[in-house]
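Below you'll find the structure, written out as C-alpha cells, and then a few comments.
The values are calculated or read from the model by the stated rules, or taken from the named source; none is laboratory data. Model, not experiment: these values are computed from the prediction. Note: ideal-geometry Cβ built from the backbone for every residue, glycine included; neighbour counts use all protein chains shown.
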Amino acid sequence: MTVSTRLVTSFCITALTLLAFANLTKKASADPLVVDLSNHLVAITTGFTGTDVLLFGAVQNEGDVIVTVRGPDQDMVVRRKERKVGIWVNSESARYKNVPAYYASAANRPMEIIAPQNVLQDYRIGLEHQRFIAESKTGDVDQKVYREALVRNMQNAGLFNQRPAKISFLSNQLFRTDIHFPANTPTGTYTINVYLIRDGRIASVKTTPLVVSKTGVSAEVYEFAHRYSALYGIIAVIIAVIAGWIASVAFRKR
C-alpha cells in the first residue's frame, strides 16, 4: 500500500467516523442516549488472533456512562485440587449455572463514584454483582472460595476483564470506547448494555446485540465435528496415522 493510498484510506475512515458522530448528535437531541457499534459481527476465521470493536454514542445532556458486555450463559465446574501421595488430584467441586462466557465493562469514571452499590447490584453492573447460580451444596465460605476461583480462571483466560475499560468523552455529548475480544472468544450472541447515569440514578439504558460467529473453513470444520462427532474422530485418527507413516518413511530415506 503506497503512502497516498494510506492517506486516502485514513481520510475516509476519519470522515465516516465524524459523519457517524454527527448523526448520533442529531439523534441525541430527541433521545437522551444513542449508541452504535463499528461492527455488529465478530467473524472468527482460521487466523483469528483477537479484535477490537468500537462502541460510540452521544448523550443529550451531561452524565456518566457505563458499558457492560455479557456473552452467552453457560454451565461451569470449579474443581479443587489436593495433593495426595505426592500427586495433585481433583477433589471437591462446585457447579455454577448462568455464568457468562465473556464479561467486560467500561466507564468514564470509577463505578463506585458514578452510582451507589444498590444501583450497581440491581442492574448487575460489575463482576462482583453477577449472580452465578450454584448447584452444589457447599457452605458460604466455600462458595466464596469457589466463586473467586471461577472469576480468577476466567480473568486468566482473558474472558473477564480485571478492571473496567476507559470510556472517553470527545465533547460534552460524544463518547467512545473499545471492546476487546481475545482469540479464544466463545461464539454466540452477546448483549451490550449502555447505561446513562445522572445523580446516581439510571437515566436511560440502551441494549444492542453483537454476534460472534465462526466463518470460512473453521466454521465448516466446527459444524462437521459437532454434527458428525464419531465420523470426525475416525477421520482425525486416520489422518494422524497417515501423517505418522509419511514421517517415518521420510526419516528412513534420510
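Worth a mention:
- Which numbered condition residue 105 misses (of (1) of a type outside the set (Lys, Arg); (2) in a loop (DSSP other than H, G, I, E, B); (3) at pLDDT 95 or above): (2)
- Residue list for the range 158-202, restricted to those being hydroxyl-bearing (Ser, Thr, Tyr) and free of Cβ contacts under 8 Å to residues at least 60 places away in the same chain: 171
- Residue within the range 83-100 that is outside any strand (DSSP E or B), closer than 24 Å to residue 181 by Cβ and either at pLDDT below 95 or out of contact with any Cys (no Cβ under 8 Å at 6 or more places or on another chain) (or both) present: no
- Test: residue 162 is under 24 Å from residue 209 (Cα atoms), within 13 Å of the chain's Cα centre (by Cα) and modelled with pLDDT under 90: yes
- Considering the range 44-79, and only residues there that are more than 27 Å from residue 213 (Cβ to Cβ), at pLDDT below 90 and not basic (Lys, Arg), the residue that is surrounded by the most Cβ atoms within 10 Å (Cβ to Cβ) turns out to be 78.
- Among the helices (runs of 4 or more DSSP H) confined to the range 111-213, the ones with at least 1 residues that are among the acidic types (Asp, Glu) and surrounded by 14 or more Cβ atoms within 10 Å (Cβ to Cβ) are located at 140-156.
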